[in-house]
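Trainee: First the structure, which I've put down as structure tokens, then a few questions once you've had a look.
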Amino acid sequence: MGAEVNKQTGMVFKLKRVITRQKNPAKVDSTTNDTSNGVAAAAAAGVAAPAGAPMAMGSSKPNVNPLGTRNPAVPIVRQAGPVALASSVLAQSKPKDSKLPNGTFETLPSFRDVPSSDRQSLFVRKLNLCCYLFDFTESSKNVKEKEIKRQTLLELVDYVTSGPGKFTESVLEDITKMLVVNLFRTLPPSSHENTGSDSFDAEEEEPTMEPAWPHLQIVYEFLLRYVVSSETDAKFAKRYIDQAFVLKLLDLFDSEDPREREYLKTILHRVYGKFMVHRPFIRKAINNIFYRFIFETEKHNGIAELLEILGSIINGFALPLKEEHKLFLVRALIPLHKPKCVSTYHQQLSYCIIQFVEKDFKLADVVIRGLLKYWPLTNSQKEVLFMGELEEVLEATQAAEFQRCMVPLFRQISRCLNSSHFQVAERALFLWNNDHIVSLVAQNRQVVLPLIFSALERNTRSHWNQAVHGLTLNVRKLFMEMDQELFQECQRKFQDDEAKSKSADEQREVNWKRLEAAAATRTNNYCSVVSDNMLGGQFGFGSSLGGEQRAVVGS
């Protein structure tokens, strides 16, 4: 009886499951990425397969590109987990051994030696041949096979450049597979990380070059020609050069080899231009790299190249600027001034900042206050960089924005004028060589001159560097010619303040002398009390003293 009840319950459960599948065939299986499984499950539930489901290469053609993400044209299976390299696809894209199954690595015929109808199949064979990887740490190993692969890669580059016609989806998949196998790898740790040293200087240390570059360079060239080729239809290629592919490309920007980063910069820029659907995602992914670099690691080799790409992207932003782009400036670009290694990418960062100010002059106040927030305290070379960027920003600043930030700005400039590092003081004085900045200062001299007058006077009297002394006299003369009455007023105020300061110093000196005298008197009294106590110890401490003397000792 119990067995019958269980059997009936199981049948009811199966019936409910079939009905559920009929109502919602898109959720047949949430744990698989294969179209064939989704189609089979839909068929089992009595539901017709979607029209867009690919059925080539038998009934088990996986609905994934070589990076493990589902092709968007076939919305059958709901993906589980984050966008990543799925293990099933990794199995397809594993690098092959350096030997073919028959033990030889043979050269395939040239494209010129086969009929035009067979060239695409030969192209696929050459792609598969280039999925074999070799160990470049041993230069004497597999020399012949390495040369065969290098020549084959060059032929692939020529074939893509020659415009063979539109690539079919199966060929696109083979292309992506070859790129994944050759390019996407775990980068080795930096040489300074192996030693555990924290004193690494990217400008002084020699970068570690990629040993497999003879092949990698041609693969990157192939990818570049493939992306820019008019025969590559973005509508179909975006299923393979998808978000996961872009993320893997961005990971490679941390390579120490500058040659690799240069290729990646060009390729990512072309991908951004061709695949418009990926543009917001690329910007967001670059943001995330910046956030991790600023707030966590402060170690990344490709910040300069990423900023160079962004400089071109920002240059193409439409006006008025979107709120998203302004947030990017405030949350990512301005905080990039914080890391101590800013000198390695400051030129590219400064260009991006200036692009924003030129597109929207109202952002000048935000940028200047951001620079002041991250102004270095003990790094003089970094201060010189900041002064150079500040001059470029001020050159694009309008009078209204200048007035909003001029008080904190010139307080900082005043400190720089008095810097004991002559390059900092000199760079600050060079601001008055810029006609636009002099014009802004002249319009607001009633506020600016009182803020910096004391710094100018101290420089003329006591700065050790002759060049700084001469430049200070020139700026001082400029203000005198600009408004002699204001200059004299500031001079009188400075002299009054100096007199008050001198008087306060003298009073302080007098107070210290009084304190020293009082301390000396108290010490002498204490010593005499101790001496008397030691001589007349039978009376107890202080018993021989009068009340007035005891009061002095205890006071």
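Trainee: Residues that are touching a residue at least 24 places away in the same chain (Cβ under 8 Å), small (Gly, Ala, Ser) and buried (at least 19 other Cβ atoms within 10 Å of the Cβ): list the helices (runs of 4 or more DSSP H) wholly contained in the range 212-277 that include at least 1 such residues.
Mentor: Numbers: elements: 213-228, 234-237, 243-251, 258-274.
Output list reads 234-237, 243-251.
Trainee: Report, ordered by the first and then the second residue, all pairs with beta carbons closer than 9 Å, sequence separation of six or more or different chains, a first member in the range 143-161 that is more than 12 Å from Ile218 (Cβ to Cβ), and a second member that is among the aromatic types (Phe, Trp, Tyr) and assigned to a helix (DSSP H, G or I).
Mentor: Tyr159/Phe111; Tyr159/Phe123
Trainee: Among the residues that make up the range 300-308, is at least one of them assigned to a helix (DSSP H, G or I) and either exposed (fewer than 14 other Cβ atoms within 10 Å of the Cβ) or touching a residue at least 60 places away in the same chain (Cβ under 8 Å) (or both)?
Mentor: So the first thing to find is which residues in the range 300-308 are assigned to a helix (DSSP H, G or I), and the list is 303-308.
This time we only want the ones that are either exposed (fewer than 14 other Cβ atoms within 10 Å of the Cβ) or touching a residue at least 60 places away in the same chain (Cβ under 8 Å) (or both), so: none.
The answer is no, given that none of the residues of the range 300-308 is assigned to a helix (DSSP H, G or I) and either exposed (fewer than 14 other Cβ atoms within 10 Å of the Cβ) or touching a residue at least 60 places away in the same chain (Cβ under 8 Å) (or both).
Trainee: Here are some conditions: (1) exposed (fewer than 10 other Cβ atoms within 10 Å of the Cβ); (2) closer than 16 Å to Glu457 by Cα. Cys490 meets all but one. Which one does it not meet?
Mentor: Checking Cys490 against (1) exposed (fewer than 10 other Cβ atoms within 10 Å of the Cβ); (2) closer than 16 Å to Glu457 by Cα, the one that fails is (1).
Trainee: May I pose another question? Of the residues Glu308, Glu324, Glu298, only one is at positive phi and touching a Lys or Arg at 6+ places or on another chain (Cβ under 9 Å); which? Can you show your working first?
Mentor: On the way: Glu308 fails: at positive phi; Glu324 fails: at positive phi.
Going through Glu308, Glu324, Glu298 in turn, the sole match is Glu298.
Trainee: Would you pick out the residues in the range 369-386 that are under 18 Å from Ile353 (Cβ atoms) and part of a helix (DSSP H, G or I)? Before you say what the answer is, go through the steps one by one.
Mentor: The first filter runs over the range 369-386 and keeps only residues under 18 Å from Ile353 (Cβ atoms), leaving 369-376, 382-386.
Arg369, Gly370, Leu371, Leu372, Lys373, Lys382, Glu383, Val384, Leu385, Phe386 - these are the residues of the range 369-386 that are under 18 Å from Ile353 (Cβ atoms) and part of a helix (DSSP H, G or I).
Trainee: Among the residues in the range 317-325, are any assigned to a helix (DSSP H, G or I) and hydrophobic (A, V, I, L, M, F, W, C)? It would help to see each step written out before you state the result.
Mentor: In the first step, residues of the range 317-325 are kept if they are assigned to a helix (DSSP H, G or I); the result is 323-325.
Applying the additional criterion that residues be hydrophobic (A, V, I, L, M, F, W, C) yields none.
For the range 317-325, residues assigned to a helix (DSSP H, G or I) and hydrophobic (A, V, I, L, M, F, W, C): absent.
Trainee: Also: Given the options Phe136, Phe167, name the one that is at pLDDT below 90, hydrophobic (A, V, I, L, M, F, W, C) and touching an Asp or Glu at 6+ places or on another chain (Cβ under 8 Å). Steps first, answer last, please.
Mentor: Values: Phe136 fails: touching an Asp or Glu at 6+ places or on another chain (Cβ under 8 Å).
On inspection, the qualifying residue turns out to be Phe167.
The values are calculated or read from the model by the stated rules, or taken from the named source; none is laboratory data. Please read these numbers as outputs of a predicted model, since none were measured by experiment. When we count neighbours, we look across all protein chains shown, and the Cβ atoms used for this are built from the backbone with ideal geometry, even at glycine.
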